[in-house]
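These notes are about the structure you will find just below.
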Amino acid sequence: MSVPTPPDAELDALFATAAHVVRETLVQHRHTNVPMETRGVVAAYERAGFTEHGDRRWRLAGVDHLGLELRCLAHLCHVEATAWRTGTPDEAMRAVEAEREFLASHVAAWAPLALAATRELAGSGPYAAALDAIGEFLDEEYDRLRPAPELGGHDTNGSPLPSNAGSARLA
């Protein structure tokens, strides 16, 4: 697939006078069932300093596997806890913001529905307790990372986890 660019005289003049022009054809193969959207979570892992997604054991599960996303969230929690323990509150708050962003942009985007569907299938089987614990943990994280309401603003209890702004409520 070729993406044509509209004619632009100014751009053509710049290319005509450039000392060097590099032309490259980039091809994105879609020969597997791996969606491009998973690249967003990989970029989030890399921003968080989380490298486990490159481990071969996740190759079959996929980089957007709930287990891997929860491990990334645990990594961010560890970064936050370490920053609080070492007396670097600015770094701790950056970690809180990274947790909030990761939770809102990735985990919260699909995990609640997946957990509910899986929980229904689990019935009273051995996975039910683990699924309930994961759901409770995520509910607590959603609440902990929800921005505190601004003075004069409305109460955010019960509202969906925002993906931006506001200082975090820390328990």
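The values are calculated or read from the model by the stated rules, or taken from the named source; none is laboratory data. Just so we're clear, the structure is a prediction, and the values are computed from it rather than from any experiment. In case anyone asks, the SASA skips ligands and DNA or RNA and just uses the protein heavy atoms, side chains included. Shrake-Rupley method; radii C 1.70, N 1.55, O 1.52, S 1.80 Å.
The phi-based Karplus calculation (6.51 cos²θ - 1.76 cosθ + 1.60; θ = phi - 60°) puts the 3J(HN,Hα) values of the stretch 113-123 at 5, 5, 5, 4, 5, 5, 4, 4, 5, 5, x Hz, whole numbers, x for Gly and Pro. Using the 1.4 Å probe convention, the accessible area of the stretch 21-132 works out to 66 Å² per residue with neighbouring protein chains retained.
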